[in-house]
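The values are calculated or read from the model by the stated rules, or taken from the named source; none is laboratory data. Just so you know, these numbers come straight off a predicted model, no measurement behind them. Positions of Cβ are generated from backbone atoms using ideal geometry, with glycine treated the same way; all protein chains shown enter the neighbour counts.
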């Protein structure tokens, strides 16, 4: 590390520039440490709005923010654009695609990725949506399939291209279902005069008995009502059996012909090589103590989605949400400074600020402590919270303008196929079906 | 074609949704014709601002606009997302990737692509910038190479990654040179504290004796002065001999080590198969008569960059600029209606509204008729003209906000590496040079 000031401060290496990693780096800003963030992407992704990128209502750059630019005023911060291949806790280094990097303190903030629960077919054919490139692929696929439908003449032929099956009815699935329903209700016949609304269907599937299983009964009911009114088929208590790129089959025999399966049914931690398997908990998360330290190490931390803080109070760890990552990031920065100063550390306590999910125009559900409400006011809060949480003034303004535009016109967003998405699920030979009329 | 109204109006097929094609479609909006636009991209690209996408100051979606959305109110318009593989003027059809499509009138508005003048090495290793995917590739390459430079310790090692060589000093080359110089002067040391301004160099090369060869002497001089003051090395009267991905060599022996060669030294028309070679003019353009009709055909038109209207008044055709395409598009729409009505047609006359090129903050050059001026006022006009020409209110606002933000902060733009650019010029094994310190 070639920090210009040649400082001999302890070096904190942070793997990952998500909500957690960002917070650690920020809170160490004025502290006597070197901060080195390593991420394969040179930007922070505001994951809660990825679904709006996938449906073409927000552009990718609006929900991403350059890590370098974000910290350009922070003198003790350095960034490296690299992937971590292995961590070596016994010698306090990490192996990366740009070489071996030593650390004094290591923070693993690698987040999570889509969990296909070992089903290789589904992994191959279904679309995940956990990163910006994935959301852009999904956007291309959705738009390409609508273009394909335009070329076909019967409802039956069009069905597979215009059936959207979202597996997993957590916030991502619910928000995506709402956005696709709005695309169908407000935009489809306007932009694609060849099609009819009735040709497109949105299915939201979960094996749990209700949508938004992590939220209150009231939120579930509110969301289900909103979705149903918007024309989404909500299929709860339904388990996916298989998907071969053309037909998704459910346990019990039902099936749907579709080229569009979007999988948000589960996540799993992204654990770097070099972590002992016997400290990996459910969901591929790294077991930590009550100050986020990886079991067995005094200077290695895990925070956010990749961490499982197993204590008496939290026997299953914490939910995989941004607030947990942010609060753990905050706490870890504090803990590192306490360790450097030989001060006692304090156990992490999660403060649950509540949960929000939006379904569409004027429609959201909110669980804020004992307050549970649905509708316009929840939607206003949802927008406000997401706008202020976005990194960068420019992004806030651009997203705000997009939302205002969409609200006024019912037809926001650019919906561009910048790079075609090509998969075996949609081989080129069937992607270009010949027109049958002329 | 399955137009819902089952109309039997004559069908005008337009190949390409650039400035020219767009104009034809728009002007035929209220006319008794079917309009069918075919483009492999589902969006119009505002090419004059591509360089700002490449340098990361504008996001791609801001300078693109959905063709479907643009014409969603025009009842006689249909769009097909397809590539044209061949035109068959003898039977009035075109072959496309979605099948054969018949036309009554055909407008070839396919534009131009980068001309490497047959040099395969340069074509392989240099970066073109004529489309949004190309501009995004360039953005990734520029940012990746700066990240590589960060990993190296000496000026000499860094040089190839931080030398930017722009070949072709037309508006694109000049504007890109200015934008890269601003990146160096205002952003480099701020976002990349490991680097120094002096490590980055921008070269603007042309074999002509002056920059902006198509504009006035005053404009050339103004642009050269601005560029030189900003630290750009302007090398005119210099011809490129070769580029192998590492070293660009010029006639006369000089060479520059660089991983970044951006080629805007020429364009050539994109001529669909099926056009007879003996009506292809210089620059791979299709010869037309004075009403834009392709030589030898009564119902096939070529407009914009792909057209060479060879008349006594314009023995070399028209310049390859947006204004020509727009005016030809306008005129062609009118001519088609005149032909349908058996009315006499009028020869096309180009009205030159003038030329503008921007170099950077407060710096532009303008040739407006006899008025030739440089500096702040030209820059204001440049911004105004580009803003009002952008399609879509949202795009105008978003670009405006980005520009205001950049102006106020000297550090606009997102500069994200969304998808890594990998080329043989930068094989992965050298792209990840090991850090030599730690």
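Tabulated values for the structure
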{"item": "Some residue of the stretch A:207-222 being more than 14 Å from chain B (Cβ to nearest Cβ) and farther than 26 Å from residue A:364 by Cβ", "result": "no"}
{"item": "Extreme residue, surrounded by the fewest Cβ atoms within 10 Å (Cβ to Cβ), among residues of the stretch A:129-148 that are at the interface with chain B (Cβ under 9 Å from one of its Cβ atoms) and within 22 Å of the chain's Cα centre (by Cα)", "result": "A:133"}
{"item": "In the stretch A:319-358, the residues that are touching a strand residue (DSSP E or B) at 6+ places or on another chain (Cβ under 7 Å) and closer than 19 Å to residue A:294 by Cβ", "result": "A:320, A:328, A:332, A:336, A:348"}
{"item": "Residue under evaluation residue A:93, criteria (1) within 14 Å of chain B (Cβ to nearest Cβ); (2) crowded, with 20+ Cβ neighbours inside 10 Å, criterion not met", "result": "(2)"}
{"item": "Scan of the stretch B:18-42 for residues that are touching a residue at least 60 places away in the same chain (Cβ under 8 Å) and under 17 Å from the mean Cα position of the chain (by Cα), ordered by number", "result": "B:18, B:19, B:20, B:21, B:22, B:41"}
{"item": "Residue match in the stretch B:149-157 (condition: within 11 Å of chain A (Cβ to nearest Cβ), in contact with a helix residue (DSSP H, G or I) (Cβ under 7 Å, 6 or more places away or on another chain) and not in a strand (DSSP E or B))", "result": "yes"}
{"item": "Yes/no for residue A:46 being more than 12 Å from chain B (Cβ to nearest Cβ), buried (at least 22 other Cβ atoms within 10 Å of the Cβ) and under 22 Å from residue B:57 (Cα atoms)", "result": "yes"}
{"item": "Filter result for residue A:386 (surrounded by fewer than 21 Cβ atoms within 10 Å (Cβ to Cβ) and within 24 Å of the chain's Cα centre (by Cα))", "result": "yes"}
{"item": "Residue tally, condition assigned to a loop (DSSP other than H, G, I, E, B) and either away from chain B (no Cβ under 11 Å) or farther than 20 Å from residue B:419 by Cα (or both), over the stretch A:58-89", "result": "7"}
{"item": "Candidate set from the stretch A:163-178 (those that are touching a strand residue (DSSP E or B) at 6+ places or on another chain (Cβ under 7 Å) and surrounded by fewer than 24 Cβ atoms within 10 Å (Cβ to Cβ)); member that is farthest from residue A:212 (Cα to Cα)", "result": "A:163"}
{"item": "Single condition residue A:194 does not satisfy, out of (1) within 14 Å of chain B (Cβ to nearest Cβ); (2) modelled with pLDDT of 95 or more; (3) outside any helix (DSSP H, G or I)", "result": "(2)"}
{"item": "Selected residue [within 16 Å of residue B:54 (Cα to Cα) and not in a strand (DSSP E or B)] from B:179, B:169, B:214", "result": "B:179"}
{"item": "Flag for residue A:62 being outside the structural domain of residue A:133 (by TED's automatic domain parsing) and under 23 Å from the mean Cα position of the chain (by Cα)", "result": "yes"}
{"item": "Close pairs from the stretch B:369-392: first over 23 Å from residue B:45 (Cβ atoms), partner assigned to a helix (DSSP H, G or I) and at pLDDT 95 or above, Cβ under 6 Å, at least 6 apart", "result": "B:372/B:218; B:374/B:222"}
{"item": "Residue match in the stretch B:105-128 (condition: in a strand (DSSP E or B) and within 14 Å of chain A (Cβ to nearest Cβ))", "result": "no"}
{"item": "Matching residues in the stretch A:282-319 - criterion: being modelled with pLDDT under 95 and touching a helix residue (DSSP H, G or I) at 6+ places or on another chain (Cβ under 6 Å)", "result": "A:295"}
{"item": "Residue check for residue A:56: at pLDDT below 95, surrounded by fewer than 24 Cβ atoms within 10 Å (Cβ to Cβ) and farther than 23 Å from residue A:298 by Cα", "result": "no"}
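Here is a yes/no grid of residues against (1) at pLDDT below 85; (2) within 22 Å of residue A:135 (Cα to Cα); (3) more than 10 Å from chain B (Cβ to nearest Cβ):
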site	(1), (2), (3)
A:389	no, yes, yes
A:393	no, no, no
A:427	yes, yes, yes
A:430	yes, no, yes
A:437	yes, no, no
